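Derivation of every value follows stated rules applied to the coordinates shown; laboratory data play no part. Keep in mind the model is a prediction, meaning the values are calculated, not measured. Cβ coordinates were reconstructed from backbone atoms using ideal geometry, including for glycine residues, and neighbour counts include every protein chain displayed.
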Amino acid sequence: MSKHPDRQFRIRGAATTRLETFFDAAFAFSITMLVISVGTIPENYSELILAIKKVPAFAASFAGITWFWMGHRKWSRWFGLEDNMSIFLTLILIFFMLIYIYPLRLIFSAMFSWFTSGWLPSEFTLAQQFELTDLFVFYGLGFFIMRNHRHIICSFLQVKRSTWIK
């Protein structure tokens, strides 16, 4: 057996479950929300250049979403669960992803605008320092929950990991 961590597990099969299909659809919807939130189709050259300058924020948001999707895909392929706890954990992940998705691109646009001293446009402005602090706390908490949602909920429910991975 290979020492590569992805090869230590036997893939449960090629067929996808209804839960995986729902999860994939929710992620596709989230990415669609990112694209739709860009605005209208450019009508002239200057609007096209402005739209192109928004690509880094979209790319960073897309990468963040993809990171969570890949983690769930790997987990699903390893364990292939569709019990009540797995469904609940997946739905919690989708719930938080849908809360955090829309403002995600706006925050990345503000970050890239700050990095480039305004050359890349921002659709999001902050009036006071505490707003930035609140955003970091809000998104930090969201990413923590999305990254660790299985462990948080199982600890909260006092369920050992071995009881729901069977």
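Label positions at MET70 and TYR139, each projected 7 Å from the Cα along the C-beta direction, are separated by 2.0 nm.
The packing ranking, built from the mean of other Cβ atoms within 10 Å per residue, places the peptides 83-95, 125-137 in the order 83-95, 125-137, highest first. Rounded to the nearest 0.05, the FRET efficiency derived from the C-beta distance between ASN84 and ALA25 at R0 = 30 Å is 0.90. Taking the fewest neighbouring Cβ atoms within 10 Å as the starting point, the ordered list for TYR45, TYR139 is TYR45, TYR139.
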